[in-house]
Structure formats: structure tokens, C-alpha cells
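Engineer: Let me begin by handing over the structure; questions about it come next.
The values are calculated or read from the model by the stated rules, or taken from the named source; none is laboratory data. Fair warning: this is a prediction, and the values are worked out from it, not measured in the lab. Cβ coordinates were reconstructed from backbone atoms using ideal geometry, including for glycine residues, and neighbour counts include every protein chain displayed. The accessibility values were calculated without ligands, DNA or RNA, using every heavy atom of the protein model including side chains. Shrake-Rupley method; radii C 1.70, N 1.55, O 1.52, S 1.80 Å.
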Amino acid sequence: MAVTSPLFDILWDEYILWSLLVGGFTFGWLYHHSFSYRSVDGENTPNVDEIKVGVFPKHNDDLRLEVAWTVLPFILIIYLTYISWAPLDHVWAEPGSDARGDECLEGESSANIFYADTGFVNSECYHVIEITGQQWFWSFDCDPDLGEEWTQRDFNLSADLCAVSSQMIEGYGMQPVINLKAGETYLLVMESEDVTHSPWFLQLSTKEDVLQGQKTTMWLPMTEVSESLVLCTEYCGDSHSLMAAVVSVHS
Amino acid sequence: MNREKIATRTLVIFVVLLIGMIAVPSATSLPTGVAGVKDLGCNCHGAVPSDSVVPTLEGLPETYNYSEVYILNIGFSGGPADPSNINQGGFNLWVSDGTVSPSDASVQSWNPNEVSHTDAGNDQTAWTVEWTAPANDRNVEFILHTNSVNGNAGSPEGGTSGDEWNRLSIQISSPVVVLEQANPYTVLTTLIIVSFVLLLIVLTFIFYQNNPDSFDWENFAPWVAGWLTTTDHKRVGTLYFLAGFFFLGIGGIMAILIRIQLMVPGNDFLTQDQYNQFFTLHGTTMIFLAAMPLINGAANWIVPLQIGAPDLALPRLNAMSFWLQPVGAVLIFTGVFSGTGADTGWTGYAPYIVSETAHVGTTMWVAGQILLVASSTLTGINFITTIAVMRAPGMGWMQMPLFTWSILVANLMLFLSIPAFGVGLIQVYLDRVIGTAFYDAASGGDPLLWSHLFWYFGHPEVYVVIVPAFGIISEVIATSARRSVFGYRSMVYAMAGIGVVSFIVYGHHMFTSGMDPTLRFVTMLTTMLVAVPTGIKIFNWLMTMNGGSLVYRTHTLWALGFLVTFTLGGISGMFFPSMAMDLHFHESYFVVAHFHYVLVGGTVFGLFCGVYYWFPKMTGRMLDERLGVLHFLTAFITYNGIFWPMHRLGVWGMARRHHTYFISVDEVRGVDGEVITEAVIGALPPEAAGWNMFITVCAILFFFSNLIMIANIIISLVRGKKAPADPWGGWSFEWMTSSPPPTPSFGRFENGEWHDLPTLTDANEHIANEPSRVGTWFNKLMVADKEEVEN
Amino acid sequence: MSEHDEHHHPSAWGPHDWSHGAPHNSWAPLIMSIGFGIFLFMLAAAFTNGVFDASYVPLVFVGLLVSLVGLIVWWRQDMSFDGTYEPIATGTPFKNIQIRKVAIWVFLMSEMMVFTSLFSTYIRYRTGIENCQTVFERGDWVSQGYTLEAGEALICFEPASHLIASSMWHIAPGAINTFALIISSFTIVQALRWAKKPLGTVDEEVRRKRVFRYLGSTWVLAIIFLILKMTEWFIGFYVPEIEILGIHEHHIHSLYSEGYLINADHYHHHDWVDEATGATMLADISVSASTFYVTTGTHGVHVLGGIIGLTYMTFKAWTGGYTPKNAVSIEYFGLYWHFVDLVWVLVFPFFYLY
């Protein structure tokens, strides 16, 4: 059971590669210099830069080197930003865009397509569901009363697409479960009844704060059968640690 | 002298009064919000328990056997219950260990530790449940609430009037005698008091060592009064170091308590409530009461020495900056010993921080922070003014030592960002105290406003604490390698660049907050960019060693260790601006790992480095090298043992600020397909438990390893070798003075003027200290008339 | 304390002999810190979530008193400071300027950040929450039931200007205050000018009188500012009928009596009566009132701080304490005072007029 989403894994792998390169270069340099420039004769060292108390020492610089290690990291940074851009756009795709489509009509399916090379999941349409956070439990609603700006739906989602149940989870107690279908994409509309919370859908590697007095949204593109935990990740008081839920995805 | 005595004693009384405030919560507790029957009782049925109801719990042994199942009979007598009524009563049984489950439909289970009656079962006065004893040794507590109702559910007054309830608490013991579990508050109080007493003893001892012949009150009182009233930058610096190290220890104790709680999954050493207070205070203490004072200590001591100034620009204000810190600390800690301390996290997010579910101690936490904001603002004014106007002749801006530059940049960042935090704090304080509505969502208040104000300060703040460490490392590597720092000018521009950019990246703390997506992208870009100046600095340090002659001392080791840990912290930091990854990492242990790498591996290691480097100058004694190397090796290794595994834990799904975690277990089926072990869905894979234990052990070892440094300091103060003026071969002005420096640090004051201030010469050929065209114009702007100058 | 000086060290309680340089021991910082701590602690005990417990009020004053004692010790060490030792800068580009002048400018930079944050809060809420008048005119509050009769309040932003800028008389205290502050900035500059005139160019008695009068006027104008502000906030005033000047009778209500309060979650204005149904719109304006009072109140606290300083300075001027040598201390205060004036010049239009 993977703990992170493929989208995350692809970015992670790329970043790890560059981290190893940069880290290796830096630490290699550090270890090399730490050994090869050890003092051989204790305190009697050649005073290359004319170090004397009360005298500002001679400048020690090399413009070409300094430009090099300004420009090269800058290029790397631009590259890393560039490869992070598309995932960013995908994660916060607008409803109605190519990646997400419009809201599903009755009987329509999202027909999710998973692209293994990027980790993106494209859907033809999406279903709107709701999660509410309050101290200290989550509640799901498959057929929320949200108003026109969020959903145009005038029918209830079938039980196959979305169902709410509960389950005893070791340590957390009796917690709500949302049963979703693999291959479908859901738009989660969220709000809090009291303070700020944040549901972390572990396997989807995604989270977004839920706030009082405002609605926030998050995409849940389901691709495979799995069961994953949802944890609260914005400190909300006493039982913050025990505020959990389960996402159960069936085929 | 008599007046002084009375005044001193009055002051002591005040201080004692102030300390007394710690133990007393500031006001009556407000209800803490939703909590189980176990804590509040059946208070829907009446405010207080009633003696007429007698709960009974039978079937419990005095000592249980492992994993044995016991049938328990729960009942009650008394109260208004009557068999002729529809309803007679109910119960709630909570057990601290083992599991309890229903025997029939009259009982239901809330969770494995708690059962209660069902609708069908509320017309009885007796129920049966099964309790399975734990498989290990714990003293088990049973808390039973029973209520006796008068059956008037249909009456106009409502169903709960006239009902009575009571509670019963029974403890049984395990087969093997176990000690009572420690109360974390007792542990914390004891450790803090012990530390404080040890501190006083050491101070008294030092006083005695200095004057063995005159060890009496007549000499002691003026000595203490001298320290309480000092405005000399060196003494204030020493006070900052003392306070900083003291609170570093306190913060460390809290960290150990937190780690003990996280040692095993599902642990109950700390309750949720206690844990929440402890991590809040750990963060607050470490940043505001340990890191900032230690940096201020180094700055106070070294900056005037490095620029050749006799003292800071505003000495009394400097003392005021210091004294606001202990007073602020007292306020911040208010309530923690009685369970009502602040529990908001050091980031204190709205609307939780203004809600009634946050503890009352939160208001005092806010008040203490307001005092610390004032302290930092005054410090900022002082240092910026000092560095701007009191540099010795010959020292232009581009001839200042890099530590001084780092303090200048840090203070500029600090005092421009901290007022925003101060305003946010005042808004929260007023919300909690007089009832303004800044963060009251019901009236239109916006919690994101706090996030913006806080992080506008919060991000520059973390650069404020790392930049001085950069300064220290620059000094130490250069001196150790017997070279001048590589690329002095780009080092200055890099620090200044970091200072400026730090103000426009704070959005990266708010990526999941519902912020506008465009802002999120901009912040991603700027956050990525801040790696460039930081990288320049790291490469410059490495290049400094080039062609040099590295003399290995303890401070050299710490500087090289810093390069390792800070680079690692910086690299892990680069993962966050990639927002699709941040959605996974936010509020997980990956964040904890990153910031501890840069804060401990960066700031604290940098400060340790500075201590070893400047201790001979400050005290006139050399520190023991062998103890220093031992400290470095043990601390460096155990430190990495603590924080490196946290990266992996974060990726696996261990969330921050959670008092405990659970392990997932895969389903195990036997040969015939029957289920041997049921699947348990938990957040973390089983290896996580082992890593957490490993981390806790390393944490305890790390804590003790730092005591080696404390011991080293004390021993060296007493009988360390006498230190020369320049033991390491540095060039800046502090190495010109004696060890320790005289008072005033440079020059002498005669006839209303300072004489004999040092002059900096420059080994490079350019004209020093001539104002540039901009400088001349600026000078004309600032100096009003010639007459003042001539006087 | 170092042993090298033979002569008696000035007491850490003051007074101080400045020819020896700045004081190097002082009880003031410790005492002031403790005083502020006690003040904040007791204030929080006196009020909790808007609930007032009067028994803690004396302790709040104890806190203020201790802070005042600290301030007095500080002042005692500065008393009769004649400018003998006024530290002068040595570092480019600030050569030959007073160090304390640079410090005041740096301090003002941080103060600017304080007011910027307060303004940001105000702008965020002002632009983010719909204006009450707009909501009223749109009219759907009637059908939604946000009326005085029903007791349900809607959230909207009610700027104080709706009340204060409603008539010439109502805005009068604010306008007078603006002029008062601007004039006081002028008088402080005049005080400085007279104090700075070189020895011999002016009779000392004339200098003493002029400096005293100008500082005194500044003080008076500042007091007027606070009195008028309190009138505006809490007292209100009455304009009698004066036929000759064509002045009609006016009862100008204070903000307090109009219900413009930080906890005003059931507020209504006489303008908000629906013609058709006669219903009155009910609003929760806590946020509007909170931003108004806290921002203008912070400014008022800064004026109060200035008054405390001015009290001492006026007294010192009366005793002839200002000479060209120490006149620059008036300039330090003048810089702060100009800043306070500047903030008011921004606060007034944004909070009172717009």
C-alpha cells in the first residue's frame, strides 16, 4: 500500500536526484578541503592574506568563480520551478478545464485516465461532495446543500459513487468512512464549524485547510482500490490527534 | 547605602511575587469545550454529583491476570429512579487499560476503552460488561458514572431536571507491582526548579571563587545589584547568555518529555492536553527565549568590540531589552504548571487562539510575547544605530567584520517585521481580553489575517536567527583556515539579498490555506530563489578553506559540522516550494526535520561554535579542548540520529502536533484462509515505531551531551588556562583588547569626549572611510547646522 | 562593577553626573520591565473575553505605578542633563550627527511598521466586508429577516465616518484636532528654534519664556486633542441655538451613545429604516468598530506618551533648563511629534472622512 501519490513520487525522485548531486558536490568538496588543507605546522602558517590584528585583511575573491556559482544554481532553481509548475497547475486545476471537465450529469462517469509518466489524472467530469470539520471529528456528506456556485446537481449520487459509513479504527475509535469509487474524480467542498482544520488524505498526498466562514476546495482523483487514512493537520485543540477518517475506494 | 538596601530588598520581594504568579492561573477557568463524560461527569443531568446515588462496580479482582476476561456488574442505588418509570438511569464506564465490551444490547461501546448504556438499556439499574485485562503491567483505573433519572422525559421542564448522578473510581494493580506513572507537570516543575537552583548555586560559587575572603552579604548584595542594574554591553551580553542557556535547557526538557510520549505508539505518558501545551512552549521557548537571547548575547558582547566602540549607542535601553525577556518568560509560562498553559502551537493560529477552547494561559502567552516584541524592537533600534554611527575611524561599511554585518542585516529584518507580529498579538490580546472582533469569524473576522501578519514576521524571523550564525561561521572558518573570507563583498550582498527576499516568501507557510493560486505561484518562485544567495555563501565558505591552513580546534569542528547540517537543512527546504510535494509535507514530520536541521543544525551549532570561539575573549580563560571535541562528537552524532529519520517519518505520514500515532498492520491469513491478525489501518508502517524509539534515545543522549559543554564552561571558569588577547589569530578589533576586555571596552572618556578609540587600517589599497557621493549628500541631509558640530 | 575608578559611582537610582558619560548602572530597566509585566497580567485578569472583574483594577494600576517608578528613575538619571555629553556619531555617512537623533529615526521606522500593520488590517476588512449602506440600499435584508424586530443581525462594514462625517458639527472635533496637531508641530519647531539660538544672540530670560510658552502651547494643544477625542468617543456635546450667527440647536451624540462599540453585534442606524415596511436593518459591526477604536486608540496612546514627555519638557523649560547645548533634545521629541502628526493626517481622512 503506497503512502504517497504517483504525482508526488515523480517529483520526489527528481528532487532526490538533484539533492544527491548538489549534496555530493558540496560534501565532497568539504571533505576534500577539510583533509587536504589541514595545517601541517601548527601555528606557523604562511600569512597569505596579511592577517594582522586591527587591519582589514586583503580581499580574497575570484569573480569568475562567484559568477559561476551564482548562475549555475540559478539555472537549477529555474529548472526545478519549471518542473513543479505543471503539477501545481494540475493540482489546482479549475473546474471546467481540460483536466477536470464540468460537473457530472446523472449517470455520467469521470472515466479517469492516469498518466504514469507525470502522475496526472485527467477526468471527463467530477462529482461534488462535502466534508465538514469541527472539533474534533470529520463528517462527510455525499449530497450536500451547497448552493448554485458550487454545484448544479439536482439528483443524489448513487450509493456506488459515494456512501458514508463508519468504522472502528484502532486507537482513534469510531470514525466516519467515505466510500468512493475508483476511476472517479470528486470535488471536495469544505468548511469548518469552528476553528481551522485540515484533512490530509495520505494516499493522495493532498491536503487543504478548512476554514470557518469560507469554503475551500480540493480534488480527489481516485485511481485504484485502496483504503487510506485521513488525518487532521492543522492544530485545532485538545483532540486534534484523534480527529481521523477513512477513505475507502472500491472498484 | 541603607536606601539601596531597602530598595534592593523591595525589588527582591517584587521578583518573588512575580515568580509566585507562575503557579496561579490568571483567572477562573472557562469550560474547555467538548470532552467526555469521564472528565465532566453526567453534567447534562445536573451540575454536580449527588451523594444519594451510589454506583457499584463488581467483579473486579484486586490484581488482574494478563489478558483474562472478567465479567463486571455495573449498578447503582439511590436517586429518583423508580421501576415504575419508563427510564431509570444510565452509566458510562471508562477504563484506562485493557478493553471493555458489551455483553448484550443494553450496552454500547464508544471505543475500546469506554462503554455506555443504549436507549434500550436505560430502563435498568444494572448492566453487565466484559473487561479483558491488558497483557502487560499497568495500574488500571476504572471510572464509572451512573445517573439516576426521575423518568420525567416528557415533562415541560425537560427530561433532565431532577436527575442525580455520581461517580466511582477504582484502581486495580497488575501482577507485577508497577510504580505510579509520573505526572508530567511534576516532572517539569521539578526539573525547572532544580535547574534554577543549580544556576543560583553556580553563580554563588563563582562569586565565592572570585572573592573567597569576602563571602558575605555586604559584598554579595552589591554584586547582585551590580548585575541587576548593569548597562555595560559585556555584562548584558553575559546575562543574555545565561538566560539563553537556561531556557535552552528548559526547552530541551520539554523536548525530552515530548519524545518520551512519542517513544511508542499509543502512549499515554502525556495526555493530549499536556502534549499540546508542551509543544507550544517548546517552540516558543526555543525560538524566543533561547535562540534570540543567545544571538543577542553574542551580539552584545562582540559587536561593540568588533567596531571599536566603547559600548552600544543606548546602554540603558539595551538593559531594558534584556529585562523584558525574563518578565516575558514568566508571563509566557503562566498556567503551564496547573494545566492551563497556552496550547496554541508557537504559531498561535486564529481562530483557535481567540476561541474559548484554548486555555486561559494563552492570554498570558500573548502578553509575554508582546513584551518580547518590545524587547526585540528596542534591540533592533540599538544595534542599527550603533553599527551606523559608532564605527571606529577607518571602518567604512565594507570594512566591517562579517559577524557585525550579519547582526546588522538580522536586526534590520527583525525590527521591520516584528511590529506586524506585535500588532497581531495586540489584536489577539484585545480579542481575548476586552472582546474586540478582529478574529471573530461570526462577526466577519478573518483568520487568514493572523496568518499573514504572523508569517510576514515569522519568515524573516527564522532568517533573523540563522543570519548571525552565518556571521559566526564566516569568522570562524576564515580564522581557522588562516585566510580572509572568500568573496567578502558577495557575502555581504548575499546576506542583504537574503534579508530583502525573506520578506516576500512568507506565503510558503500558507500554501494550503486557501490562498489565491497566483500568490502561491509567486511565493513558490521567490522561495526557490532564496536558495541562490544561501548557496553562494556555502560555496564561499568552502572556497575560504582553499589554499588555507586549517587549524583544528573545537570551534573549527563546529563550523564544519554546521556546513554539513545546514546544507542538509537547506536542501530539504528546497522540497517545500514545489507545491505538489508541499501538499504532502505540510504539517508532517518532514517539516519538523527540515526546520530542526536549520535551527539546531544551523543556529544552535553556529552559537556553540561562537561560544567556543569567543569564550577566551569573554572570560579570559581557555576552554578545555578535549571536552570540546567530546561534546562535538557526541552531540553531532546523536543530533543526526534524532532528526534524520524524521524525514522518512514525515513522508510515511506522521503528522506534526499529534500527541501519538498508530501503526498499520497488514492482515495475516492462516493456511486455511482464516484471519489470524486483523488488518489495522493506522497512519504509519510498523518500522515507524522502531524509528521513533531510536529518535527518543538519541534525544536523551543529545540532551546530556550538551551538559558536557556546560561542565566545560564551569570547569574552565574556575581553573582554565589564562587566555591571551588573540588566541586564534583573528584580525578584527575584539582581538586587540585584553581577555576579558576592560570597561569601557575601548578608549577613555575625558572632558566630555571619547579619546584613544582604535583606527582600522586596510591591507587593500583604497581610500577608507571617505563618504561616497551618496554618503556626502546623506550627511548634509542629516546634520542640521554647523553650530552643533562646532560645540 | 570594575574596581578601577576611585571616585564614587553615581547611584543606580539617579541623579547622574553626565560629565562622566552615560550612566552605567540603572534600576530603571528592570523596574519598568516588571511594571509592564504586571500591567499586562492584571489587565488580562480584569477583563476576560469582554467580561469585567473589577477586583483586579487596583492591580492594573499597581502595574502602571511600577512602570512609572521605573520611568522616574530613568528620568532622575537624565534630570538637568545639560548636553555636556551628547554622543556624536563617528561612522560614515553619519559623521558628526547626534547618535540619539539617528536612534529616533530608526525608532520611527519601526513605529511606521506598527501603523502600517494597523492600516493593513483596516483596509483588508474595509474592502473585504461589504459596506452597510450598500447592503441597506440593496434591500434584500428585509426578506432575509435581518431586522431589529426579528433580532437577527447581518455582517457588514460600518465605517465610523458614517456617523462622524454626517454633519459639520459632528466632524468638528476631528477637524479641530487635525488643526491642533498641525499647529502643535509648528509650535514645537518654534520652541526648538528659540532654544537653539546661540548664546549672546538672545536674552536668556526671553529664551526661557519663549521656549516655555511654545512647549506649553504644544502641551495644551495635545491635551485639547485628547479631550476632543474623548468627547467624540464617549461624551458628545451640545450646540445651543445662537440666532445671530444662524446656528441651530444640535445634540451631537458620542460614538458610544450611538452604539458604535467593539462588541456591537446588534447595531442599527437611524438611516436604516426601510420606507416600505418600516423595518430597521440590524447589523454586526464589531469588526468595524474594533479596527476603528484600536487604530485611532493606538494613535491616541502615542499622543498620550507625547504628553507625558511634554509635561517634563515644559517644566524643564520653565526652570530655564534649555540652552543651545541641549536644545537638540527638543528636536528628538519634535521628530516623534511630527510622526504622530503625520499618522493623524493619514488616519483622519481614512477613518473619519472616507
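Engineer: Of B:I426, B:G610, C:V328, which is farthest towards the positive pole of the protein assembly as shown's charge dipole, taken about the Cα centre with +1 and -1 on the beta-carbons of Lys, Arg and Asp, Glu respectively?
Structural biologist: C:V328
Engineer: Mind listing which GluC sites (Glu not before Pro) in the range C:155-248 are in a DSSP loop and have 12 or fewer other Cβ atoms within 10 Å? Display every interim value, and only then the final one.
Structural biologist: Working: sites: C:E204, C:E205, C:E232, C:E241, C:E243; in loops: C:E241.
Answer by residue number: C:E241.
Engineer: Along the positive direction of the dipole of the range C:1-85 (beta-carbon charges: Lys, Arg +1; Asp, Glu -1; about the Cα centre), which of C:I38, C:W75, C:S19 reaches farthest?
Structural biologist: Sorting the options by dipole projection puts first C:I38.
Engineer: Summed for both chains, how many Å² of accessible area, to the nearest 100, are buried between C and B with a 1.4 Å probe? Intermediate results must be reported in sequence, preceding the final value.
Structural biologist: Values: alone 19550 and 36290 Å², together 48510 Å².
Interface area, both chains combined: 7300 Å², rounded to the nearest 100.
Engineer: Can you list the lysines whose alpha carbon is less than 20 Å from that of B:K537, not counting same-chain residues fewer than 8 positions off?
Structural biologist: Those lysines meeting the cut-off are A:K58.
Engineer: Moving on to the next point. For chain B, count the residues as N, evaluate 2.2 N^0.38 Å, and divide the Cα radius of gyration by that value, please.
Structural biologist: Details: Rg = 30.9 Å, N = 791, 2.2 N^0.38 = 27.8 Å.
Taking the Cα Rg and dividing by 2.2 N^0.38 Å, one obtains 1.11.
Engineer: Between A:Q175, A:Q214, A:Q135, which gets the highest mean-square fluctuation from a Gaussian network model of chain A, Cα cutoff 10 Å?
Structural biologist: Highest fluctuation of the listed residues: A:Q214.
Engineer: Another one. Using only the Cα atoms of the range C:88-353, each taken as one equal point scatterer with no solvent, compute I(q) by the Debye sum, divide by I(0), and report log10 of the ratio at q = 0.13, 0.15 Å⁻¹.
Structural biologist: -0.91, -1.09
Engineer: Sticking with this one: Explain nothing, just compute: Karplus ³J(HN,Hα) = 6.51 cos²θ - 1.76 cosθ + 1.60, θ = phi - 60°, for every residue of the range A:7-14 in order, whole Hz, x for Gly and Pro.
Structural biologist: Karplus-based 3J(HN,Hα) across the range A:7-14 equals 4, 4, 4, 5, 5, 4, 4, 5 Hz.
Engineer: Let me ask something additional. How much mean residue ellipticity at 222 nm does the protein assembly as shown get from its helices, if each DSSP H run of length 4 or more adds -39500 (n - 2.57) and you divide by all residues, to the nearest 500 deg cm²/dmol?
Structural biologist: Details: 34 runs with 664 residues, N = 1396.
Value at 222 nm, helices only, nearest 500: -16500 deg cm²/dmol.
Engineer: If you don't mind, another one. Under 8 Å for C-alpha pairs, at least 6 residues apart: give me the relative contact order for chain B, rounded to a whole percent.
Structural biologist: Working: 1333 pairs, mean separation 87.6, N = 791.
In percent, rounded to a whole number, it is 11.
Engineer: Right, another one. If you take the charge dipole of the protein assembly as shown about its Cα centre, with +1 on Lys and Arg Cβ and -1 on Asp and Glu Cβ, which of A:N156, C:G236, B:V500 is farthest toward its positive end?
Structural biologist: My answer, from the dipole projection, is B:V500.
Engineer: Here's another thing I want to ask about it. Need the list of lysines near A:K215 for cross-linking: C-alpha distance under 30 angstrom, and skip anything on the same chain fewer than eight residues off.
Structural biologist: Counting by Cα, and skipping residues close in sequence, A:K215 has these lysines nearby: A:K181, A:K207.
Engineer: Please work out the Cα center distance from the range B:401-460 to the range A:12-47, rounded to the nearest Å.
Structural biologist: Answer, in whole Å: 39.
Engineer: Expressed as an acute angle from 0 to 90° and rounded to the nearest 10, what is the orientation of the C-alpha long axis of helix B:554-573 relative to the principal long axis of chain B?
Structural biologist: Helix B:554-573 sits roughly 60 degrees off the main axis of chain B.
Engineer: For chain A, what mean projected area does the convex hull of the alpha carbons give, in nm²? It would help to have the intermediate numbers written out before the result.
Structural biologist: On the way: hull surface 86.2 nm².
Spelled out: convex hull of the Cα atoms, projected over all directions, averaged, 21.6 nm².
Engineer: Do any cysteines of chain A lack a neighbour Cys whose Cβ is under 4.7 Å away, and which are they?
Structural biologist: Flagged as lacking a Cys partner: A:C232, A:C236.
Engineer: Here's another thing I want to ask about it. Excluding B:S745 itself, what net charge comes from residues whose Cβ is under 10 Å from its Cβ, given Lys and Arg +1 and Asp and Glu -1?
Structural biologist: On the way: positive: B:K234; negative: B:D232, B:D311, B:E734.
Charge balance in the 10 Å sphere: -2.
Engineer: In addition: Just to confirm, what accessible area per residue do you get for the range C:208-310 at 1.4 Å probe, in whole Å²?
Structural biologist: In whole numbers, the range C:208-310 has 47 Å² accessible per residue.
Engineer: Can I ask one more? With charges set only on the Cβ (+1 for Lys and Arg, -1 for Asp and Glu), what does the dipole of chain B come to about its Cα centre, in debye to the nearest 20?
Structural biologist: On the way: 32 positive and 56 negative charges, 742 e Å.
So the dipole magnitude of chain B works out to roughly 3560 debye.
Engineer: Additional query: What is chain A's relative contact order, in percent, from Cα pairs under 8 angstrom and six or more apart in sequence? Numbers along the way, then the final one.
Structural biologist: Values: 436 pairs, mean separation 42.8, N = 251.
17 percent.
Engineer: In debye to the nearest 20, how big a dipole does the range C:88-353 give about its Cα centre with +1 on each Lys and Arg Cβ and -1 on each Asp and Glu Cβ? Each step should come with its number before you reach the end.
Structural biologist: Numbers: 17 positive and 22 negative charges, 540 e Å.
For the range C:88-353, the charge dipole is close to 2600 debye.
Engineer: While we're here: Taking every residue in A:133-141, how many Cβ atoms of other protein chains lie within 10 Å of its Cβ, on average? All intermediate terms of the calculation are to be shown ahead of the outcome.
Structural biologist: Working: counts 0, 1, 5, 5, 1, 0, 0, 0, 0.
That average works out to 1.
Engineer: So which residue, out of A:L63, A:L146, A:L202, gets the largest mean-square fluctuation from a GNM of chain A using Cα contacts under 10 Å as springs?
Structural biologist: In this elastic network of chain A, the residue with the biggest mean-square fluctuation among A:L63, A:L146, A:L202 is A:L63.
Engineer: OK, next. Whose amide H sits under 5 Å from the amide H of A:R38, counting only residues 5 or more places off or on another chain, with H placed in the peptide plane?
Structural biologist: Residues meeting the criterion, in which the H sits 1.01 Å from N, are B:L550.
Engineer: Within 10 Å of each Cβ in C:124-132, how many Cβ atoms from other chains are there, averaged over the peptide?
Structural biologist: On the way: counts 5, 6, 0, 0, 4, 4, 1, 0, 0.
Average neighbour count from other chains, rounded to a whole number: 2.
Engineer: Only Lys, Arg, Asp and Glu count, each charged at its Cβ (+1, +1, -1, -1), so figure out the dipole size of the protein assembly as shown about its Cα centre, rounded to 20 debye.
Structural biologist: It works out to roughly 7520 debye.
Engineer: I'd like the mean, over residues of A:32-39, of how many other protein chain beta carbons sit within 10 Å of each residue's own Cβ.
Structural biologist: Details: counts 2, 11, 8, 1, 3, 10, 7, 9.
Taking all residues of A:32-39 together, the mean is 6.
Engineer: Taking the Cα atoms of the range C:237-354, report the difference between the largest and smallest coordinate on each principal axis, in whole Å and largest first.
Structural biologist: Here the spans come out as 73, 43, 20 Å, largest first.
Engineer: Taking only the alpha-carbon atoms of the protein assembly as shown, what semi-axes of the equivalent ellipsoid follow from 5 times the gyration tensor eigenvalues under a square root, in whole Å, largest first? Walk me through the numbers before you get to the answer.
Structural biologist: On the way: eigenvalues 590, 357, 226 Å².
Those come to 54, 42, 34 Å.
Engineer: Another question, if that's okay. Of the cross-linked pairs B:K234/C:K316; C:K101/C:K196; B:K234/B:K721, which ones have a Cα-Cα span greater than 26 Å in the structure shown? Provide the component values of the computation, followed by the final result.
Structural biologist: Details: B:K234/C:K316 34 Å; C:K101/C:K196 16 Å; B:K234/B:K721 21 Å.
Pairs exceeding the cut-off: B:K234/C:K316.
Engineer: What does DSSP give for the protein assembly as shown in terms of the percent of beta bridges that are antiparallel, rounded to the nearest 5?
Structural biologist: Details: 92 of 117 bridges.
Percent antiparallel among DSSP bridges in the protein assembly as shown is about 80.
Engineer: If one computes the Cα centroid of the range B:374-391 and of the range B:666-714, what distance in Å separates the two points?
Structural biologist: After rounding, the separation between the Cα centres reads 47 Å.
Engineer: Using the membrane-span-like helix rule (whole DSSP H runs, Cα extent along the own axis of at least 27 Å, mean Kyte-Doolittle hydropathy at least 1.0), which helices of chain C qualify?
Structural biologist: Helix filter hits for chain C: C:57-78, C:328-347.
Engineer: Considering only DSSP beta bridges with both partners in chain C, what is the antiparallel share in %, to the nearest 5? Mind showing how you got there, number by number?
Structural biologist: Numbers: 10 of 13 bridges.
So the antiparallel bridges amount to about 75 percent of the total.
Engineer: Pick from C:H162, C:H269, C:H20: which residue has the top mean-square fluctuation in a GNM of chain C where Cα pairs under 10 Å get a spring?
Structural biologist: Maximum among the listed residues: C:H20.
Engineer: Another question, if that's okay. If you keep only loop residues by DSSP, which chymotrypsin sites (Phe, Trp or Tyr not before Pro) in the range A:193-251 have at most 13 other Cβ atoms within 10 Å of their Cβ? Working shown, then result.
Structural biologist: Numbers: sites: A:W200, A:F201, A:W219, A:Y235; in loops: A:Y235.
For chymotrypsin sites (Phe, Trp or Tyr not before Pro) across the range A:193-251 that sit outside H, G, I, E and B with at most 13 neighbouring Cβ atoms in 10 Å, the list is empty.
Engineer: Report, in degrees rounded to the nearest 10, the 0 to 90 angle that the Cα long axis of helix B:687-719 makes with the longest principal axis of chain B.
Structural biologist: Value to nearest ten degrees: 40.
Engineer: Also: When only the heavy atoms of the protein chains count and the probe is 1.4 Å, how do C:Y336, B:Y208, C:Y260, B:Y493 rank by accessible area, highest first? Each step should come with its number before you reach the end.
Structural biologist: Details: C:Y336 35, B:Y208 90, C:Y260 0, B:Y493 145 Å².
Ranked from most to least accessible, the order is B:Y493, B:Y208, C:Y336, C:Y260.
Engineer: In percent, how large is the relative contact order of chain C, given Cα pairs closer than 8 Å and 6 or more residues apart?
Structural biologist: 20 percent.
Engineer: For chain A, take the longest principal axis of its alpha carbons; what is the angle in degrees between that and the long axis of helix A:63-91, to the nearest 10 within 0 to 90?
Structural biologist: 0 degrees
Engineer: Further, regarding this structure: As a test question: what accessible area, to the nearest 10 Å², does C:E152 have when a 1.4 Å probe is rolled over all protein chains in place?
Structural biologist: It works out to around 100 Å².
Engineer: Let me cross-check A:E50: its accessible surface, 1.4 Å probe, with only protein heavy atoms counted, in Å² to the nearest 10?
Structural biologist: Counting only protein heavy atoms, A:E50 exposes about 90 Å² to solvent.
Engineer: While we're on this one: How much net charge surrounds C:F157 when only the other residues with a Cβ under 10 Å from the Cβ of C:F157 are counted, with Lys and Arg +1 and Asp and Glu -1? Show your work: numbers first, answer last.
Structural biologist: On the way: positive: C:R126; negative: C:E130, C:E158.
Charge balance near C:F157 sits at -1.
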